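Since the structure comes first, as structure tokens, the remarks are kept for the end.
No lab work stands behind these numbers, since they all come straight from the coordinates. All values reported here derive from a predicted model rather than from experimental measurement. Glycine also receives a Cβ, built like all others from the backbone with ideal geometry; neighbour counts cover every protein chain displayed.
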Amino acid sequence: MSVFFDNRQQEKDIDSHFEKQLERVINIALELEGVIVPVEVSISFVSNEEIQELNREYRNKNTPTDVLSFPLVEREDLDNMVQAQEEILLGDIIISISKALEQAEEYGHSFSRELSYLTVHGIYHLLGYDHMTQEEKKAMREKEEAVMEALQINR
């Protein structure tokens, strides 16, 4: 698995410690989901202004959000690629560092925990999960919490 990081914000330094943590988050999520093909994921760290622009353009919502995900492969197709020799481009995760800092303070936990949670939330969107209904939200939340528990990243 490859994770490519793109830091396009100035508010918080995202060092190799954070990058390694997020790679672990993704690895655990993929492992728990039974994804055995090699994948490539891109994570971009952006400002509130940039994520608002993306949210407006792609979701028709003119407000900043914490995380956006752009899958490049359907989950069913991914599951059928068991013989893949090269990495499959799974998709892109865009995280607002401003929102992550704000939410960490609001929820009373560390920035590292919030960044990890937003990454696991994003990876589950890339894997085809959503939270449009209460049932979907519950299922996705249980999966997210399982990853956080496996990493011993608690609230």
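Structure above, values below:
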{"item": "Qualifying residue in the stretch 84-105 (condition: surrounded by 14 or more Cβ atoms within 10 Å (Cβ to Cβ) and among the basic types (Lys, Arg))", "result": "yes"}
{"item": "Test: residue in the stretch 58-71 that is buried (at least 18 other Cβ atoms within 10 Å of the Cβ) and part of a helix (DSSP H, G or I)", "result": "no"}
{"item": "Output for the stretch 99-145, where each listed residue is of a type in the set (Ser, Thr, Tyr) and either out of contact with any Leu (no Cβ under 6 Å at 6 or more places or on another chain) or assigned to a loop (DSSP other than H, G, I, E, B) (or both)", "result": "Tyr107, Ser110, Ser112, Ser116, Tyr117, Tyr124, Tyr129, Thr133"}
{"item": "Criterion: of a type in the set (Ser, Thr, Tyr) and in contact with a Leu (Cβ under 8 Å, 6 or more places away or on another chain) - qualifying residue of Ser69, Ser96", "result": "Ser69"}
{"item": "Qualifying residue in the stretch 57-80 (condition: touching a strand residue (DSSP E or B) at 6+ places or on another chain (Cβ under 8 Å), closer than 24 Å to His131 by Cα and among the basic types (Lys, Arg))", "result": "yes"}
{"item": "Selection status of Ala139, among the hydrophobic types (A, V, I, L, M, F, W, C) and either under 22 Å from Ser42 (Cα atoms) or surrounded by fewer than 16 Cβ atoms within 10 Å (Cβ to Cβ) (or both)", "result": "yes"}
{"item": "Meets criteria (surrounded by 12 or more Cβ atoms within 10 Å (Cβ to Cβ) and farther than 21 Å from Asp6 by Cβ) for Ile153", "result": "yes"}
{"item": "Test: residue in the stretch 20-27 that is more than 20 Å from Arg113 (Cα to Cα) and either within 17 Å of the chain's Cα centre (by Cα) or among the aromatic types (Phe, Trp, Tyr) (or both)", "result": "no"}
{"item": "In the stretch 1-39, the residues that are aromatic (Phe, Trp, Tyr) and crowded, with 18+ Cβ neighbours inside 10 Å", "result": "Phe18"}
{"item": "Selected residue (only one of Glu136, Glu87 is over 18 Å from Asp6 (Cβ atoms) and among the charged types (D, E, K, R))", "result": "Glu136"}
{"item": "Any pair with Cβ under 7 angstrom, 6 or more apart, that starts in the stretch 131-143 at a residue that is within 16 Å of Leu68 (Cα to Cα) and ends at one that is among the aromatic types (Phe, Trp, Tyr) and not in a loop (DSSP other than H, G, I, E, B)", "result": "Met140/Tyr124"}
